[in-house]
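Student: Below is the structure I would like to discuss, written out as structure tokens.
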Amino acid sequence: MRTIARPSTIKSNKKIKHKPAFDLRVFLETAGVARKIVKFRKSEKIYSQGDPSKGVKYIQKGGVKLSVVNEAGKEAVAAILGPGDFFGEGCLAGQSICMATATAIVPTSLLFIEKNEMMRVLRTEHEFSDRFISHMLARNIRIEEDLVDQLFNSSEKRLARTLLLLARYGKEDKPHGVLPKVSQETLAEMVGTTRSRVNFFMNKFRKLGFIKYNGGLQINASLLSVVLHE
């Protein structure tokens, strides 16, 4: 008589394949499917205003200036970004062209993530999605603070706040330190004042010990007193 084995006793030789766990650090620090690492020299353009918008960029190291030029040819600095920042995310909302010009202000390494890959990872990887949403919320808060700063604060306070932001004051990775090399002309554009006023306040900050030049522009956390002073 033929014996039929019970289902529980039948052994399968098939190996169950598990999807590798998503590693956020590895994803942002290495090249892979639909993402690549691109390096730029100081003052090299990453893209120009009006270029096709094809993906999101993540700054691994270095610094990036975003600037906009109006029809009259006047340039305004929209933001200075540093390591850990994303930019170019407008493509995810349907922007077909770049709304600003991106320029490396120091030697810079970027991770370029193609639009479709970025959207896939946002849908499927919660850790990455949380990181990106936190970035966008912080960016919106920064824009609101910039507007209030521009409307109500003196140019001296605006310059002090700009220097602290560039030095990444309050960030875990770099509480304060040496700034990337940013010209006084660029600072004036960011603050909304003249280069001569920036030069005057920078000399004042140096004499008060808030900043010092030591192989670069070093920011002391005491500069925060200028922002907080009524």
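The values are calculated or read from the model by the stated rules, or taken from the named source; none is laboratory data. Here the structure is a predicted model, which is why all the values come from computation and not from measurement. Cβ: placed from backbone, ideal geometry, glycine included. Neighbour counts: every protein chain shown. Keep in mind that these areas ignore ligands, DNA and RNA; they rest on the heavy atoms of the full protein, side chains included. Shrake-Rupley method; radii C 1.70, N 1.55, O 1.52, S 1.80 Å.
Student: What number comes out for accessible area per residue over the range 71-187 if the probe is 1.4 Å? Units Å², please.
Tutor: Values: 6290 Å² over 117 residues.
Per-residue accessible area for the range 71-187 comes out at 54 Å².
Student: Considering only protein heavy atoms and a 1.4 Å probe, what is the carbon-and-sulfur percentage of the accessible area of the range 44-93? It would help to have the intermediate numbers written out before the result.
Tutor: Numbers: 1100 of 2250 Å².
Result for the range 44-93: 49 percent of the exposed heavy-atom area is carbon or sulfur.
Student: Rank-order 26-33, 116-123 by packing density, defined as the average count of other C-beta atoms within 10 Å over each peptide's residues, highest first.
Tutor: On the way: 26-33: 12.8, 116-123: 15.4.
Put in order of decreasing packing, that is 116-123, 26-33.
Student: Taking θ as phi - 60°, what are the ³J(HN,Hα) couplings along the range 109-118 by the Karplus curve (6.51, -1.76, 1.60), each to the nearest whole Hz, with x for Gly and Pro?
Tutor: So the J values, rounded to whole Hz, are 10, 10, 9, 9, 10, 4, 3, 5, 5, 4.
Student: With N residues in the chain, what two-decimal value do you get for its Cα radius of gyration over 2.2 N^0.38 Å? Working shown, then result.
Tutor: On the way: Rg = 23.7 Å, N = 230, 2.2 N^0.38 = 17.4 Å.
Taking the Cα Rg and dividing by 2.2 N^0.38 Å, one obtains 1.36.
Student: At q = 0.23 Å⁻¹, what log₁₀ I(q)/I(0) does the range 61-182 have when each alpha carbon counts as one equal point scatterer in the Debye sum?
Tutor: Taking Cα atoms of the range 61-182 as identical point scatterers yields -1.63.
Student: Now a separate question. What's the ranking of 79-89, 132-142 by average number of surrounding C-beta atoms within 10 Å, highest first?
Tutor: Working: 79-89: 19.7, 132-142: 12.5.
Going by the mean number of other Cβ atoms within 10 Å, highest first, we get 79-89, 132-142.
Student: Then there's this: With labels modelled as points extended 7 Å from the Cα through the Cβ direction, what inter-label distance (nm, one decimal) is found for LEU228 paired with ILE133?
Tutor: 3.3
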